[in-house]
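Reading through the structure tokens given below for one structure.
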Amino acid sequence: MSRDRLKIIGFYVLAALIIARVVITPLQHSLRDKKALLKEYEDTYKMRMFSVEKYKAQENEKNKERSPVDEAFLKSLYGADVIYTALQSDVVEKISALAEKQGLTITTFEFSEPTSLKAISEVPVVIRLNGPQKGILALLREMEKDNMKLVIRRFEDTKNGPYTAQCSMNISAFRLEK
């Protein structure tokens, strides 16, 4: 090989190395930048996952605290298989049994139209009672102690004599829907 030919080959090799250097160096910088960006994304992801796990742990603690209250509430509801009129008659039977113990008499009762919501239905009953005032107070206390929670929506009390009264109560029972 001649010297001129070696110079030309050397020149081409040098040109190829320079071109490779010019092309590879920016790629190395962009690769380094992308690695740094990936590291930032990874750190952000880890922090968010830590936050989510902490939030879930707090929610689980809240649910554990609420669960006995929720279970007690759900146990106090009537089942979805109970018909509205059967539920209303059950409420009247319970109230009349409690009223008789206290010396009260039921004069009238009405079955109002139920109100349905997504998960729970409200089933109202209107009951009118006559008897001693102490009996009415005792009846209210007994209703409060009952397992099936009844809500008194409206209560009207009128005195008939010095110790007797007539009262009207709008009572609501609740039924769990499907």
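The values are calculated or read from the model by the stated rules, or taken from the named source; none is laboratory data. This is a predicted model, so every value here is computed, not measured. Quick reminder, even Gly has a Cβ in these numbers, built from the backbone with ideal geometry, and neighbours come from all protein chains shown.
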Inset, instruction - Please find, among Thr25, Thr108, the residue that is farther than 30 Å from Lys178 by Cα and assigned to a helix (DSSP H, G or I). - result: Thr25
Legend entry - Filter pass, Lys118 being over 30 Å from Leu150 (Cα atoms) and among the basic types (Lys, Arg): no
Legend entry - Residues of region 72-110 satisfying the condition of being under 24 Å from Leu137 (Cβ atoms) and polar (S, T, N, Q): Ser76, Ser96, Gln102, Thr105, Thr107, Thr108
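Residue by residue, here is whether (1) modelled with pLDDT of 90 or more; (2) within 25 Å of the chain's Cα centre (by Cα); (3) of a type in the set (A, V, I, L, M) holds:
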{"residue": "Leu74", "(1), (2), (3)": "no, yes, yes"}
{"residue": "Tyr84", "(1), (2), (3)": "no, no, no"}
{"residue": "Glu93", "(1), (2), (3)": "yes, no, no"}
{"residue": "Leu104", "(1), (2), (3)": "yes, no, yes"}
{"residue": "Phe109", "(1), (2), (3)": "yes, no, no"}
{"residue": "Ser116", "(1), (2), (3)": "no, yes, no"}
Inset, instruction - Check whether at least one residue in region 51-60 is at pLDDT below 80 and not assigned by TED's automatic domain parsing to the domain that holds Arg128, and report yes or no. - result: no
Legend entry - Check on Glu65, in a helix (DSSP H, G or I) and at pLDDT below 90: yes
Legend entry - Qualifying residue in region 106-119 (condition: free of Cβ contacts under 8 Å to residues at least 12 places away in the same chain, within 16 Å of Arg175 (Cα to Cα) and loosely packed, with under 10 Cβ neighbours inside 10 Å): yes
Inset, instruction - Name the single residue, out of those in region 127-178 being surrounded by 15 or more Cβ atoms within 10 Å (Cβ to Cβ) and part of a helix (DSSP H, G or I), that is nearest to the chain's Cα centre (by Cα). - result: Met143
Inset, instruction - Return yes or no: is Ile120 touching a strand residue (DSSP E or B) at 6+ places or on another chain (Cβ under 9 Å), of a type in the set (Val, Ile, Thr) and farther than 20 Å from Lys75 by Cβ? - result: no
